[in-house]
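Notes follow the structure.
The values are calculated or read from the model by the stated rules, or taken from the named source; none is laboratory data. If you're wondering where the values come from, they're calculated on a predicted model, not measured in any experiment. So basically every Cβ, Gly included, is an ideal-geometry build from the backbone, and we count neighbours across all protein chains shown. Ligands, DNA and RNA are stripped out before the accessible areas are found, and what is left, the full protein with its side chains, is counted by its heavy atoms. Shrake-Rupley method; radii C 1.70, N 1.55, O 1.52, S 1.80 Å.
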Amino acid sequence: MTTPPNRFRRRVPVSAVALRVLVALLYVFLLAPLVIIVVISFSSNQYLSFPPTGFSLRWYAELPAETTFIQGMQTTLITASITTLIVLLIGVPASIALARYEVPGRGAISAFFLSPLLVPSVVLALGLVLTLGPLGLTNTYQGIVIGHVSITLPYVIRTTLMSLTTADTSSEEAARVLGANGWAVFRLITLPIIRPGVIAGGIVAFVVSFDEAVISLFVAESGKPTLPVQILRYVADSADAAVAALSVVLILFSVVIVVLVERVMGLRRTLI
Amino acid sequence: MSTPKLALVDLTKRYQPGLAPAVDHLNMEVEEGHLVALLGPSGCGKTTTLRMVAGLMDPTAGRIVVDGEDITSIPVHRRGMGMVFQSYALFPHMNVAANVAFGLRMRRLPKSERLERVRRALDMVQLGYLAERETKALSGGQQQRIALARALVVEPTLLLLDEPLSNLDAKLRESMRGEIRAIQQRTGATTLFVTHDQDEALDMADRIAVMNGGLIEQFGEPSEVYERPRTRFVAEFIGRANLLDATVVADRGPSGADERRYDVQVPGFGAVGAVGAPGLTGATRTMLVRPHRVQVHCDPGASGSPGTVESVSYTGDSVGYRVRVGDRAQLAEAPTDGRIAAPGDVVRLDWDPASAYLLPEEEER
Amino acid sequence: MSATTSIAVPRLPGADDLPPGHGVHEHRSRRRDRRTFWALAAPGLLGLAVTYLLPLLYMVRMAFNRGKPDGFIEQTFTLDTLIKPLTDSYYWKVTLDTFLMGLVVAAICVVISYPLALFLTRSTSRYKSLLIALAIAPLLTSAVVRTYGWMVILGGAGLVNSTLMHLGLVTVPLRLTNNMTGVVIGLVEIFMPYAILVMMSGFGRLDPRLEEAAASLGARPRAVFARITLPLTLPALLSAFLLIFVLSISSFITTNLLGGGAVHVLATEIYDQATGLLNWPFAAALSVILLVLFGVVIAIYQTVTRRLRLDA
């Protein structure tokens, strides 16, 4: 895999073979939990046994009837969508400010915007539930959205900032010389150029909010459990096959996201 | 004299207080229709000057006057300039026609007129057939010409070119010089052209402003800047130069309009001839002799000052010599048809007195 | 003079030697720039202040209150709540376990991600981008789902134990969940994509020509690795280590599910105190300890990397 095609057979050194075997094993380890869930989601018995005694689609058939899951899905989609919208609206202008205007303390402001990624979500979740509780915002859509804004904003800022800093600023200057005012430059030049970064950031923000469990657990476990919270509660009781079909739905969702992000901007650039 | 198209009055840019200014009380006047090259090494302030004229940067002090009107406080998008960037700065998400049409769109021209003018601008750079192409797929030369068309289509007050040729390979650069010059002359656009390449400036410009340390060292026609540099810096920056210390001994009468021929004494060369401004008798001056004006005689019986060849570089068109005369090495460039000396050979150097020029006294900066 | 000088927008001059009345436009435009900056950044800053800074500050304030046995909070300003875990050997053990878990997970994760990241960086395969995507895509699946997968694999009736028993290698299922072993396995896998990402972006400066140059100068493969590859990739290894450590000691879902109530670290204790015992001030006090631990680790990391850079 690592060597270019060669008409002549080359002796592959032992160490190279060993490396490939190691890499393959690591991929197995890395993907094992996802693969296993897909396998048991088709198993016919509820309680785990390996190999599964039979295969069926019963767990998938039962999904639409599970009203709690449907409600959870609804909560998750609504809150993730609103969160994404909000962080895009506040994150894109902030990124432009950070990338295009120099003011004293800009580095500190930029660090502040990215810092929520470093704070343990349990700690943030605790702070949120303490703050939102007295305001009556726990177990509401608003509460979940408020909880997810800070942890998704860094992704939007990071990807947008990256497209802004890699873009050639001289095309913005060219537009200004040709008569475009500030707003026209943004609308006609900057925004189209950074669009992939904004979209990728939005997608990642959406999926982070969609998958988030800890803050949602603290803030809205009893009233508005999101899908990950429901799976979390179910799995905490028993790790049987019933919840696998639902998990596969989430995995498929992630696969779609991965493909989308890869298309728009490249997965690797988006996540780091 | 009529009002200049562009006048820079005491233009100054200081990036940080306490630091030396990037542009220091710069004064310059550009005539309508001229192509003026701002020539200098990197850091000399030429790009800063251009960006201030464009309005992309605010001067710390001074004024920019176009057609007699002070535009210093007019924001960039209302100045009506046309600019070609070093990176061309084509809008990556627009095709060629949309790029060229952008300035017209900003001027809210009706669509039909827009299309017509874009077509004419693209024809002017002979790229009409690329109108619907994406810009990313174009070669450097093509992008360059699209950028030029985009800047010219708005009939700019001034055309500003920021090192437009530096991203092209050597061959293309030379042909683009001629093309840009021809288009500039056809449109009559008054042009400021930033470059660090002296050949480019000599070849294309009506006037050259040689800049150094935020100041204009000399502003003049290419031949004037080359033949009659005002400072050592200009003499050394434009072309190659032998600079010798000369003591002026005697005035030998007029040479040309306002110069005189002198007898000078140069260490290592003895008594030689030179030209310079009037009234230099008794003074000490730096004398400039361009290497290709130095004659190299291999024949030991020839006239001239003897020197030892230190190195020889053969370029095909000519032979370059480093010749040690006294305690200093001098450069000479000879045609390749004669005998070519070898390192270690003793040769004799001399030159036509009219091609040795005594530089004016330099003011302290 | 390059166009980059335009980016260096100057600071406001203090005592400048320019005559008065000059530079008016410059000052005005600088003021305008500053106003634009704040106008653009304000919504984001306000959003973070409300949804992030305020909750954290409120949480810290809560640590100075006193929780009463009946679940009520005594509004006061005392150090008692913060001191309590420090005088209780149980919480010292919890803190120590948290720290050790972070170290072990980070060490294993970095060691096994390293060959994969090196392989992916050097790969010239046409499937390279697919392989990279496959290695980091798990990042975009829910940690809950992946933990669930590990419960299925490691559980008493799970894949590993079923296989081992079928093969007759064990008679009693191995205890791989509801203990630290399970937590570590799960966390290592869950954080691997992060480690790979951080390493790959840090390996950018690993120019294969350097390794080739070393080899051409007579270095054997082992020497090339020890003298060229490892030193050049060490900074990336360290930052991956730090990231995984930080993520591990704050992880809640995986420690909670795979720990099954038998693994007690700061994150699970915070949750239990808050939602189980409703002792909010004490949960807040534990959170403060976790934050302090964070700060210490990041400070150590910065000292270490700074020293490495000085040596380099």
- Query: Taking θ as phi - 60°, what are the ³J(HN,Hα) couplings along the range B:181-192 by the Karplus curve (6.51, -1.76, 1.60), each to the nearest whole Hz, with x for Gly and Pro?
  - Reply: 4, 5, 5, 4, 6, 5, 7, x, 6, 5, 10, 10
- Query: How far apart, in nm, are the 7 Å Cα→Cβ label points at residue A:191 and residue A:44?
  - Reply: 5.7
- DSSP loop (so not H, G, I, E, B), at most 10 other Cβ within 10 Å: list which trypsin sites (Lys or Arg not before Pro) in the range A:113-188 pass both filters. none
- For chain A, set up a Gaussian network in which alpha carbons nearer than 10 Å are linked by springs, and say which option among A:198, A:23, A:123 fluctuates the most. A:23
- Task: Sort out the exposed loop chymotrypsin sites (Phe, Trp or Tyr not before Pro) in chain A (DSSP loop, at most 15 other Cβ within 10 Å) and tell me the longest stretch that has none.
- Result: A:48-272
- Pop out the Kirkwood hydrodynamic radius of the range B:6-236 from its pairwise C-alpha distances, inverse of mean 1/r, in Å to one decimal. 18.1
- Item | Value of [θ]222 nm, deg cm²/dmol, for chain B, DSSP H segments ≥ 4, -39500 (n - 2.57) each, nearest 500 | -7000 deg cm²/dmol
- Note on the structure: Residues whose modelled amide H sits under 5 Å from the amide H of residue B:34, counting only those 5 or more places away in sequence or on another chain, are B:191
- Specify the inter-centroid distance of the range B:12-43 and the range C:180-226, based on alpha-carbon positions, in whole Å. 50
- Query: Applying 1/(1 + (r/R0)^6) with R0 = 56 Å to the Cβ-Cβ distance of residue B:271 and residue B:136, what FRET efficiency is obtained, to the nearest 0.05?
  - Reply: 0.30
- Message: Full-extension gain between residue B:302 and residue B:252, please, as 0.36 nm times their residue separation minus the C-alpha to C-alpha distance.
- Response: 15.5 nm
- Identify which of A:109, A:96, A:144 has the largest mean-square fluctuation in a Gaussian network model of chain A, with springs joining Cα atoms closer than 10 Å. A:109
- Item | Assigned charges on the beta-carbon of Lys, Arg, Asp, Glu; the range B:6-236 dipole about Cα centre (debye) | 1000
- Item | ³J(HN,Hα), Karplus 6.51/-1.76/1.60, whole Hz, each residue of the range C:290-300, x for Gly, Pro | 4, 5, 5, 4, 4, x, 4, 4, 5, 5, 4
- Show the residues, 5+ positions off or on another chain, whose built amide H is closer than 5 Å to the amide H of residue C:66. C:74, C:76
- Unit charges on C-beta of K, R, D, E only; dipole of the range B:240-358, Debye: 140
- Note on the structure: Relative contact order as a percentage, chain C, C-alpha pairs under 8 Å and 6+ apart, gives 25
- Relative to the longest principal axis of the C-alpha atoms of chain B, give the angle of the C-alpha long axis of helix B:111-124, reported between 0 and 90° and rounded to the nearest 10°. 20
- Rounded to the nearest 500 deg cm²/dmol, what is the calculated helix-only ellipticity per residue at 222 nm for chain C, with -39500 (n - 2.57) per DSSP H run of length n ≥ 4? -21500 deg cm²/dmol
- Which value, in Å², gives the accessible area per residue of the protein assembly as shown when a 1.4 Å probe is used on the protein heavy atoms? 45
- Derived scalar couplings ³J(HN,Hα) [the range A:83-91; Karplus, 6.51 cos²θ - 1.76 cosθ + 1.60; whole Hz; x for Gly, Pro]: 4, 4, 4, 5, 5, 5, 5, 8, x
- Out of every Cα pair in the range B:240-358, what percent are spaced more than 17 Å from each other? 54
- Item | Percent accessible area from carbon and sulfur atoms, chain B, protein chains only, probe 1.4 Å | 47
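Rounded, prolate or oblate: which one fits the range C:85-311, using the alpha carbon gyration tensor with axes a ≥ b ≥ c (rounded when a/c is under 1.5, else prolate when a/b beats b/c, else oblate)?
Judged from the Cα gyration tensor, the range C:85-311 comes out oblate (a/c at least 1.5, b/c at or above a/b).
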- Item | Long-range amide H partners of residue B:230 with built H, under 5 Å | none
- Two-site FRET efficiency, residue B:315 against residue A:260, from Cβ-Cβ distance with R₀ of 51 Å, rounded to 0.05: 0.30
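To the nearest 20 Debye, how big is the dipole of the protein assembly as shown about its Cα centre, given +1 on the beta carbon of each Lys and Arg and -1 on that of each Asp and Glu?
The dipole magnitude comes to about 2280 debye.
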- Mind listing the Cα extents of the protein assembly as shown along all three principal axes, in Å, largest one first? 116, 67, 62
- Mean-square fluctuation maximum in Gaussian network of chain C, Cα pairs under 10 Å, restricted to C:197, C:139, C:48, hits C:48
